[in-house]
Structure formats: structure tokens, C-alpha cells
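Working notes, structure below.
The values are calculated or read from the model by the stated rules, or taken from the named source; none is laboratory data. Nothing here was measured: the structure is a model prediction, and the numbers come from that model. Positions of Cβ are backbone-derived with ideal geometry, glycine not excepted, and every protein chain shown enters the neighbour counts.
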């Protein structure tokens, strides 16, 4: 596949003005083009034509492009960035007329949706009703199983980020276990990972001269946990779906179909969910456009 450098990617919209009514800059990769096109087509219908987005790779690149945009250029542009750990800390930039800072960790968070999961199982199964498959998926219970340990982990990530640490955000694949035939998250291993992050926080607080680092940590954790309560809504917003919720949902769906872990290619799985998920949580982007 042809790859582009950052400067080349920045210039791409000029070549595709005839294909788009608005230039949209995102994070992610060129390979995600069809994914974004699907979402925007569903959001906007035929009102506004968007066949291409310009993926600039990371949040910093998108924000730099936003800061350096040509103010005299009358062509409409939209810059979209993830919430990331700054969402938890409330340190993100505020959205503006043509800057969208997502209210969830990343774009994949908006794909984690019961109806989309049921549709995928329904058309892959081919012999059972949607109601039966809904009971098999047991979506809310699946969220409830994963919520406490993953929310706790991401609160620790955020506190470490607050003090200048760059947590290595591993993926769900690093913390899996078998429950019968089902592949699930190993909550004990996640708790151990959180404990490691906590120790790193305490070390950082000690190094920067905080008098009582344990108390400072407890205060930070208490403040964040009051804002981000342990429930399914918080899980869907502050835990990276790209790294955790998306692969875990795929394992859950594979279990409902009694299939192995490699049934759906990651990019196909993500595209199907984009085509079937409830888009209500993305209405704010439509309003910006």
C-alpha cells in the first residue's frame, strides 16, 4: 500500500476538492478512510458529500494543522481529535467552530453498541432470531463485567499523565484468560497492572518533592472517581475502545457464534460496526458540519 509522509498528507485535500464538500482532518491512518467515509455517509446522508478524509496520524499533527490553517481560505474545514487521557483530566482544548474534541476516548468508542453487535451475530449465525441472540450477547452484563477494573486502570493512567508520565497503554490481548470456551479479560491481571501504575505515580510524586505522595495520590484518585463513576456509561467514554473494548467485544461475539478468535479481520469488524452502530452519540459532529 502506498504510504504518505505528513507533508504529503496535508496536501491531499487540494487534490480531492471535487470529491468533498468539506475537508476533514483526523487522526489515524490512510487505511481508515473507508471507515470514516461510512460514518460520515450515515451521519450526513446526501446533504453533504464526503468521500475522503485526511488522516494525519496523531492528535498533535491535527492540532498543529488546525493552528496553522490559512484563515483567508474560505473552504470549509473540520479538524477532529480524540479525547484521550486529557478527557479524564479535563485538560483538552475546547471545541471551536471547526475543531471537534471528542467527548470519548477515541472514535472507536462510539462503535461499542448493542444493536451493531446483534446485527453482526444475526447475519453470521443465519438461523436464530435477534431476540435469542440478544440474550446470548447479554451486552449490559458484558459491560458490567469489564467496567470496574478498566475504569480503575484508566483513572491511574490519567493520574500518571497528570504528573508527566507516559503510560504504556497495553491492549486487551495482554490480559486474556479462558472461561470455559470463552475468552475474557483477566481482571486480576488488570488490577496488578493498575497497581504497577500506582507505584509509578508514587515514585513520580516523590521525585518532584511532594511531602506525602500516598495522600496526594489518594486525593487525585478520589477527585477523578467522583467525576467518573464506575458504570457502563463511564466505561464507554474513558476506556480506549481501540485497545480494550473493541477486541473484547469481538471475543464476546465470537463466543456467541461458537467461533475462534480470528473469525473477523479487525478492519472488517470495525467497518461493520461503523455501518450498523447507533450514531446518536456522534450527532455533535453533524452539528459542527
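Overview of values
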read-out	value
Residue 288 being more than 29 Å from residue 128 (Cα to Cα), touching a residue at least 24 places away in the same chain (Cβ under 8 Å) and touching a strand residue (DSSP E or B) at 6+ places or on another chain (Cβ under 8 Å)	yes
Residue in segment 6-37 that is surrounded by the fewest Cβ atoms within 10 Å (Cβ to Cβ), counting only those that are at pLDDT below 60 and within 24 Å of the chain's Cα centre (by Cα)	6
Condition check for residue 181: without any contact (Cβ under 8 Å) to a residue 12 or more places away in the chain and either surrounded by fewer than 19 Cβ atoms within 10 Å (Cβ to Cβ) or under 26 Å from the mean Cα position of the chain (by Cα) (or both)	no
Residues (out of contact with any strand residue (DSSP E or B) (no Cβ under 7 Å at 6 or more places or on another chain) and buried (at least 18 other Cβ atoms within 10 Å of the Cβ)) located in segment 62-85	82, 84, 85
Per-region count, segment 87-135, residues under 17 Å from the mean Cα position of the chain (by Cα) and on the phi > 0 side of the Ramachandran plot	1
Residue match in segment 180-197 (condition: farther than 28 Å from residue 266 by Cα, at pLDDT 95 or above and outside any helix (DSSP H, G or I))	no
Filter pass, residue 133 being at pLDDT 95 or above and within 22 Å of residue 179 (Cα to Cα)	yes
Boolean, residue 68 is free of Cβ contacts under 8 Å to residues at least 12 places away in the same chain and either touching a helix residue (DSSP H, G or I) at 6+ places or on another chain (Cβ under 7 Å) or closer than 21 Å to residue 272 by Cβ (or both)	no
Of all residues making up segment 185-212, the number that are touching a strand residue (DSSP E or B) at 6+ places or on another chain (Cβ under 6 Å) and touching a residue at least 24 places away in the same chain (Cβ under 8 Å)	0
